[in-house]
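Presented below is the structure to which this report refers.
The values are calculated or read from the model by the stated rules, or taken from the named source; none is laboratory data. Quantities reported herein were computed from a predicted structural model and do not represent experimental measurements. Glycine also receives a Cβ, built like all others from the backbone with ideal geometry; neighbour counts cover every protein chain displayed. Areas reflect the complete protein model, heavy atoms only, side chains present, ligands, DNA and RNA absent. Shrake-Rupley method; radii C 1.70, N 1.55, O 1.52, S 1.80 Å.
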Amino acid sequence: QVHLVESGGGLVQAGGSLRISCAASGRTFSTYAMAWFRQAPGMEREFVGGISRTFSALYADSVKGRFTISRENAKNTAYLQMNSLKPEDTAVYYCTAGRQPIVLDDAGQYDYWGQGTQVTVSS
């Protein structure tokens, strides 16, 4: 069992930056692929990006070049660094962990989810 807790969301102006953290419980963090999804009001949950247990990263086209995902296995923590934020990035951001060896953009492939953190980008 893995418990995930996100932190670091908030309100930021367009063009600004924000970093979200995802702290995981347990001793097996390094064996999981970690990913971020987001969900805006009235929209379906969408893949943002992820990082595999071998540190290979994958990003959605909408955030490529602006967002960076990293992980610190020694701290059981994954990060989502968001730069050049746009109002359309406004959403609840969810951290998730999966046992698969690679990052997948299908939410159904992940095993554990955090509670989500709100990110609001004002224009």
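For the reader, a short list of remarks on this structure follows.
- Selection within the stretch 1-25 - small (Gly, Ala, Ser) and either without any contact (Cβ under 8 Å) to a residue 12 or more places away in the chain or crowded, with 17+ Cβ neighbours inside 10 Å (or both): Gly9, Ser21, Ala24
- Filter pass, Ser70 being free of Cβ contacts under 8 Å to residues at least 24 places away in the same chain and either farther than 12 Å from Trp36 by Cα or of a type outside the set (A, V, I, L, M) (or both): yes
- Restricting attention to the stretch 26-72, the residues that are at pLDDT 95 or above, in a loop (DSSP other than H, G, I, E, B), under 21 Å from Val2 (Cβ atoms) and open to solvent by 50 Å² or more (accessible area, probe 1.4 Å) add up to 5.
- Considering only residues in the stretch 73-93 that are in a loop (DSSP other than H, G, I, E, B) and open to solvent by 20 Å² or more (accessible area, probe 1.4 Å), the one that is nearest to Val2 (Cα to Cα) turns out to be Asn76.
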